[in-house]
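In what follows, a structure is listed as structure tokens, so that the remarks can point back to it.
The values are calculated or read from the model by the stated rules, or taken from the named source; none is laboratory data. As the structure is a prediction and not an experimental result, all values here were calculated from the model. Here the Cβ positions follow ideal geometry from the backbone for every residue, glycine too, while neighbour counts run over all protein chains shown. Each accessible area value is taken on the protein alone, full model and side chains, heavy atoms only, with ligands, DNA and RNA left out. Shrake-Rupley method; radii C 1.70, N 1.55, O 1.52, S 1.80 Å.
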Amino acid sequence: MAETSYFYTIKVFEMADQIERIKCLIIGSGPAGYTAAIYAARADLNPVVYTGMEPGGQLTTTTEVDNFPGYPEGVDGPQMMVDLQKQAERFGTQVRIGMVTSVALSKEVGGIHKATIDNAKEVEAETVIIATGATAKYLGLPSEQRLRGGGVSACAVCDGFFYKGQDVAIVGGGDTAAEEATYLANICNKVTMLVRRDEMRASKAMQHRVNKTKNIDLRYNTEVDEVLGDQVVEGLRIVNNQTGAKEEIKISGLFVAIGHKPNTEVFKGQIDMDDTGYIVTQGKSTKTNLPGVFACGDVQDQEYRQAVTAAGTGCMAALDAERYLASVEDTAEVSLEG
Ligand code: NDP
């Protein structure tokens, strides 16, 4: 009996020790999360960033970033994320490796939100900034996975430039694929666009743009059978899914534009999301339907999805969190005075 209660006491002590109260919990470590951290730290919110499974986010899987303002020579994606982390830490942000595995978000103004890290540690937060991003979908072919970073990319705006004057292919028939195909057509010699059905999902206007672009070779009912090449992409074997006919085409870049999946699984059922799982934010703000919970970056934006737009909304989320905390404090003071 004594032994049981001893262990019980230890356990209770450990549990109590593990719960930590913080002002601003930032979930995710891409450009949105780190920018939120820079602003929150400078506003004395003592933010804690949990990095998630992929510290640095999607930019760590890209090579050169040429379109982030302020880097005239471009910057290596992983290096940029290290720089952003350092900048956030310079103002006192705590960056911790860890995955938020569950949350209990409060619906009350001034309520405390709870998050469990790696199924073990519990954190209580006055504000939560969700910056968990989105993950590009891939076809799932082994040859495609092997050549990611060697000519297979899920972002034409990020990587298209490296294929200037060359022949490339793009997979997908949605607005993203259509937009990226016309973007690539401007810089590449030829773009083969592979659409798996006999029609595109993209809006009529986007389809019109694709159709009138001379160097886009649009192939319906066509899928990728295999990506060819050892170290880098050298071609594609494509298959017509109606006739079964296979063909090899020479290309040096394959862009996969078949959609993204927002990383919102852990918040399901607690926060308002749209049909595709993106967190809904209110008007021009980063406010969610829950007081004190804000969302920024790709987790709430399926349209722009750029590092710079993610960083912009990260800044907004920190400002929204700061204002929210100030208004909660004001309300508490007024009710105390009353
Ligand atoms: P979508 O889900 O709209 O389209 C995905 C496309 O990829 C579809 O053509 C789909 O084919 C195809 N696809 C899916 N899986 C596979 C696969 N395994 N093999 C081959 N093809 C596949 O994603 P988007 O990223 O294009 O768009 C997401 C949202 O963002 C949309 O609501 C879109 O309107 C919006 N958007 C708006 C823009 C704008 O207004 N400027 C720009 C970009 C996006 P199928 O149709 O057969 O399912």
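What to note about this one:
- Taking the numbered list (1) surrounded by 19 or more Cβ atoms within 10 Å (Cβ to Cβ); (2) in contact with a strand residue (DSSP E or B) (Cβ under 6 Å, 6 or more places away or on another chain) in turn, Cys296 passes all entries but (2).
- Hits in the range 162-177 - residues which are touching a strand residue (DSSP E or B) at 6+ places or on another chain (Cβ under 9 Å), assigned to a helix (DSSP H, G or I), under 18 Å from Thr222 (Cα atoms) and not aliphatic (A, V, I, L, M): Thr176
- Number of positions in the range 91-149 that are within 16 Å of the ligand (Cβ to nearest atom), farther than 24 Å from Thr35 by Cα and not aliphatic (A, V, I, L, M): 8
- Unique residue being on the phi > 0 side of the Ramachandran plot and surrounded by fewer than 16 Cβ atoms within 10 Å (Cβ to Cβ) when the list is Gly229, Gly244, Gly151, Gly172: Gly244
- Among the residues of the range 183-198, those identified as in a loop (DSSP other than H, G, I, E, B) and either within 8 Å of the ligand (Cβ to nearest atom) or under 17 Å from Gly253 (Cα atoms) (or both) are Cys188, Asn189, Val195, Arg196, Arg197.
- Candidates Gly111, Gly92, Gly98: the one that is within 17 Å of the chain's Cα centre (by Cα) and touching a residue at least 24 places away in the same chain (Cβ under 8 Å) is Gly98.
- Considering the range 249-276, and only residues there that are open to solvent by 40 Å² or more (accessible area, probe 1.4 Å) and within 12 Å of the ligand (Cβ to nearest atom), the residue that is farthest from Asp301 (Cα to Cα) turns out to be Ile258.
- Meets criteria (within 11 Å of the ligand (Cβ to nearest atom), open to solvent by less than 40 Å² (accessible area, probe 1.4 Å) and either over 14 Å from Phe255 (Cβ atoms) or part of a helix (DSSP H, G or I) (or both)) for Glu180: yes
- Restricting the search to helices (runs of 4 or more DSSP H) fully inside the range 1-91 and requiring at least 2 residues that are at pLDDT 90 or above gives 31-42, 77-90.
- Within the range 205-224, the set of residues being open to solvent by 50 Å² or more (accessible area, probe 1.4 Å), within 12 Å of the ligand (Cβ to nearest atom) and at pLDDT 95 or above comprises Arg209, Arg219, Tyr220, Glu223.
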